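Participant: Before anything else, here's the structure in question.
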Amino acid sequence: MKKMLGALSAAAFAIGASTSFAACDAGERVVKLSHVTGGTTHPKVVAANSLAERVNKELNGKMCVEVYPNSTLFGDSKELEALLLGDVQLLAPSLSKFGSYTKKYGVFDLPFIFKDMDAAMAFTASKTGKDLLNAMEDVGFVGLGYWMSGMKYFSANKPLIAPTDASGLKFRVQNSDVAKAMIAAMGGSPQPMAFAEVYGALQTGVVDGQENTWSNIYTKKFFEVQDSTTQTSHQLLAYLFMTSKE
């Protein structure tokens, strides 16, 4: 396990461009990496595919990473349990998803705590940021590094110029206490929802708006079902690249 973690950690911090890769060959140790993001250009997709390519090349026949994107193996509600059960070996969930395991990652959800991406990257590279990788070791989770998506923006079917413009609107949010409190403070109604369900909910009017990064808005085509986007940069969306102790 220590050798595997070392190889994966080194590769995770040196990922480059995404390319296609073959499935694992018979006899290789298979490591499954599951995530909920689709498309080909999203930062998480590029990172996962590049990690798999590098590990598969450098460990030549000893270990092989198979990537399962877009919730094809496990979705939002099942992936952490699957990791603990050993049904998947690598995940990259949003830092907002760990509230039932630890409150420490809530710092990443605080509105406007990071001036920009440089500030966010500096924090994750600091001693405090690195220490937070171990925040769930008692549960059995091991953080290997942080993957960045970007800053979040609001979208809705009406212009959002002032916080009061959100009053009475239903917003999809991640299942984060901070995110829910933020929407409620603006007079909106927070609606926690799995990422895979957001497009349909926007299309059918189950929710009126959402908050996300440009990469998520583009790859999930939320612009097809939303009329307006406000570039607020109000929160960071980052992922914890992780495995389990087992």
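Each reported figure results from applying straightforward, stated rules to the coordinates on display, with no laboratory input. Fair warning: this is a prediction, and the values are worked out from it, not measured in the lab. So basically every Cβ, Gly included, is an ideal-geometry build from the backbone, and we count neighbours across all protein chains shown.
Participant: State all residues of the range 81-94 that are in contact (Cβ under 8 Å) with a residue 40 or more places away in the chain and either farther than 24 Å from Glu197 by Cβ or of a type in the set (A, V, I, L, M) (or both); if no residue qualifies, say none.
Facilitator: Ala82, Leu83, Leu84, Gly86, Val88, Gln89, Leu90, Leu91, Ala92
One line per residue, one yes/no per condition, for (1) surrounded by 20 or more Cβ atoms within 10 Å (Cβ to Cβ); (2) not polar (S, T, N, Q):
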{"residue": "His35", "(1), (2)": "yes, yes"}
{"residue": "Ala52", "(1), (2)": "yes, yes"}
{"residue": "Pro69", "(1), (2)": "no, yes"}
{"residue": "Thr72", "(1), (2)": "no, no"}
{"residue": "Lys78", "(1), (2)": "no, yes"}
{"residue": "Ala82", "(1), (2)": "no, yes"}
{"residue": "Leu95", "(1), (2)": "yes, yes"}
{"residue": "Thr102", "(1), (2)": "no, no"}
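Participant: Let me ask another. When residues of the range 99-151 are filtered for being hydrophobic (A, V, I, L, M, F, W, C) and assigned to a helix (DSSP H, G or I), how many remain? Lay out the reasoning, then the answer.
Facilitator: Within the range 99-151, the first condition is being hydrophobic (A, V, I, L, M, F, W, C), and the residues that meet it are 107-108, 110, 112-114, 117, 119-123, 125, 132-133, 135-136, 139, 141-142, 144, 147-148, 151.
Then keep just the ones that are assigned to a helix (DSSP H, G or I); that gives 107-108, 117, 119-123, 125, 132-133.
Total meeting the criteria: 11.
Participant: Given the condition closer than 27 Å to Val45 by Cβ, in contact with a Pro (Cβ under 6 Å, 6 or more places away or on another chain) and in a strand (DSSP E or B), answer yes or no: does some residue in the range 227-238 qualify?
Facilitator: yes
Participant: Report the residue count in the range 172-182 for those that are outside any loop (DSSP other than H, G, I, E, B), over 19 Å from Phe222 (Cα atoms) and not basic (Lys, Arg).
Facilitator: Filtering the range 172-182 down to residues outside any loop (DSSP other than H, G, I, E, B) leaves 172-173, 177-182.
Now restrict to residues that are over 19 Å from Phe222 (Cα atoms): 177-182.
With the extra rule that they be not basic (Lys, Arg), the set shrinks to 177-179, 181-182.
So the count comes out to 5.
Participant: Also, I was wondering about something else. Take the residues in the range 187-235 that are of a type in the set (A, V, I, L, M) and buried (at least 18 other Cβ atoms within 10 Å of the Cβ); name whichever of them is nearest to Ala166 (Cα to Cα). Break it down stepwise before answering.
Facilitator: Going residue by residue through the range 187-235, those that are of a type in the set (A, V, I, L, M) are 193-194, 196, 198, 201-202, 206-207, 217, 225.
Then drop every residue that is not buried (at least 18 other Cβ atoms within 10 Å of the Cβ), which leaves 193, 198, 201-202, 207, 217, 225.
Values: Met193: 18, Val198: 18, Ala201: 17, Leu202: 15, Val207: 12, Ile217: 19, Val225: 17 Å.
Here the residue is Val207.
Participant: Which residues, taken from the range 55-67, are surrounded by fewer than 18 Cβ atoms within 10 Å (Cβ to Cβ) and not in a helix (DSSP H, G or I)? First the steps, then the outcome.
Facilitator: Step one: list which residues in the range 55-67 are surrounded by fewer than 18 Cβ atoms within 10 Å (Cβ to Cβ), which gives 57-58, 60-62.
Scanning the range 55-67 gives Asn60, Gly61, Lys62.
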